[in-house]
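Remarks on the structure that follows.
The values are calculated or read from the model by the stated rules, or taken from the named source; none is laboratory data. As the structure is a prediction and not an experimental result, all values here were calculated from the model. All Cβ positions, glycine included, derive from the backbone under ideal geometry; neighbour counts span all protein chains shown.
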Amino acid sequence: MQRVFTLSEKNLQGTPIQYSWQKTLGNYLAVTGANQTVKIYDRHGQMRDEINLPGNCIAMDWDKDGDTLAVIADKSSSVYLWDANTNKNSQLDSGMRDQMSFLLWSKIGVLLAVGTAKGNLLIYNLQTSRKIPVLGKHTKRITCGSWSSQNLLALGSEDKMLTVSNQEGDTIRQTTVRADPSDVQFSVMKTDERASAGESTVSVVVGKKTLFLFNLSDPDNPIELAFQQRYGNIVAYRWYGDGYIMIGFSQGYFVVISTHIREIGQELFQAHNHKDSLTSISISQALNKAASCGDNCIKIHDLSELKEMYAIVNLDDETKGLDRLSWTDDGQLLAVSTQRGTLHVFLTKLPVLGDTCGTRIAYLTSLLEVTVVNHVEGDPTTTVSVEVEPNFIAVGPYHLAVGMNNRAWFYALGENG
């Protein structure tokens, strides 16, 4: 896997690093350290803009199309919005008088949910500018949440409650959990009946030890899954495929379970992927791959054959260890932040583009690089840095052309290629 760029600790100034890929397009990466600034980089590592905040960033999220980045910060009751099409900043006054603690865009629409340290909730419609304040949704800090594909909003709080609300903010389900909830997600449990009512299962990590599955159609019978103590704490989990859950544990273990009622809680796969610790997992549906990181390496598995290791990336200079992994939606780029305060971006998928002229071959070897070879004539290999990520490549006796949409760039090739 090729490294595309690295943002050093000098760029980001302080840990922990938070970052978020632009949804859908993956053209922008929003990054912040402990410096009261969110920096917007393009996919080649060039800084394009920055958002200055009154305090450190608490949370940020892109809307489903990647048009708007929303940010909340310490010492502020405003939501900061950055428009990816105009590169303009704006501020939304939440009307809340307590500290913001949580922020998330809807999966399917233009609704933004903002939670506060006192358990209040704001639902904001970007299109109509309508704000729905919901006071007392919880009695303590809202810490986590998830939107379903039916626009239901599940929230977890330090009051040890899990609530499920509709898009108007009305509570339609709630349940208590035994310890602090974290990492709420919506999904579909594997059932014998295919006619499942959409994403009707809410999953949440409880006290970092168990996974709690709450079926909205059967709220009186939640399922709580416990795991072997030697695995350590649950660090992260992801749903994928037909009701499978991949879970990463702090002691380096990487486990897959099924939610089919006949095999619920059974481990279908287990690997001790990292010797000392695991800090993050990520799944790319586009690539059908899963990645885990820990110690100072990234391991990538094929989802259709988990026993097969697709790639291992060692980051030997990261002696303090790695932190969090995230793929772009198209699976082309994988970012990993580190405990030291750096961020690395790797190329995990490259379009197959090329052309020939006689015995000369030109082909894409990186996002902005074309290699020209002629093994038959014995010409030296030439690499050409190009201006854009091309959609097409053409090569002739003396020139290389790359193009995107209705524009083309031509490069003269030397006599010997």
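Okay, residues lined up against (1) more than 14 Å from Met246 (Cβ to Cβ); (2) of a type in the set (Gly, Ala, Ser):
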site: His272; (1), (2): yes, no
site: Asp276; (1), (2): yes, no
site: Ile281; (1), (2): no, no
site: Tyr310; (1), (2): yes, no
site: Leu333; (1), (2): yes, no
site: Ser337; (1), (2): yes, yes
site: Leu343; (1), (2): yes, no
site: Pro351; (1), (2): yes, no
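Every test in (1) assigned to a loop (DSSP other than H, G, I, E, B); (2) under 29 Å from Leu322 (Cβ atoms) is passed by Met60 save one, and that test is (1). Restricting attention to the stretch 315-331, the residues that are loosely packed, with under 15 Cβ neighbours inside 10 Å and basic (Lys, Arg) total 1. Of all residues in the stretch 286-312, those that are touching a Ser or Thr at 6+ places or on another chain (Cβ under 8 Å), outside any strand (DSSP E or B) and at pLDDT 95 or above total 2.
Asp180: closer than 22 Å to Leu104 by Cα, free of Cβ contacts under 8 Å to residues at least 12 places away in the same chain and assigned by TED's automatic domain parsing to the domain that holds Gly109, yes or no? Walk me through it before giving the result.
Details: closer than 22 Å to Leu104 by Cα: yes; free of Cβ contacts under 8 Å to residues at least 12 places away in the same chain: no; assigned by TED's automatic domain parsing to the domain that holds Gly109: yes.
No: the conditions fail for Asp180.
A Cβ distance below 7 Å, combined with a sequence gap of six or more or placement on separate chains, defines the contacts here; from the stretch 124-147, residues that are assigned by TED's automatic domain parsing to the domain that holds Leu92 reach residues that are surrounded by fewer than 22 Cβ atoms within 10 Å (Cβ to Cβ) and hydroxyl-bearing (Ser, Thr, Tyr) in the pairs Leu126/Thr68; Thr143/Ser182; Cys144/Ser182; Trp147/Ser106. You will find that of Gly358, Gly378, Gly341, the residue that is out of contact with any Ser or Thr (no Cβ under 7 Å at 6 or more places or on another chain), on the phi > 0 side of the Ramachandran plot and touching a residue at least 12 places away in the same chain (Cβ under 8 Å) is Gly358 and no other.
Mind checking which residues of the stretch 300-314 are surrounded by fewer than 21 Cβ atoms within 10 Å (Cβ to Cβ) and either touching a Lys or Arg at 6+ places or on another chain (Cβ under 9 Å) or within 28 Å of Asp42 (Cβ to Cβ) (or both)? Listed by number, the residues that qualify are Asp302, Leu303, Met309, Tyr310, Ala311, Ile312, Val313, Asn314.
So which strands (runs of 3 or more DSSP E) are wholly in the stretch 339-403 and hold at least 1 residues that are over 30 Å from Glu318 (Cβ atoms)? Don't jump to the end; show me each part of the working.
Working: elements: 343-347, 354-357, 360-366, 369-374, 379-385, 392-395.
Passing ranges, in order: 354-357, 360-366, 369-374, 379-385, 392-395.
Each residue in the stretch 257-309 was checked for being closer than 19 Å to Ala335 by Cα and among the acidic types (Asp, Glu), and 2 of them qualify.
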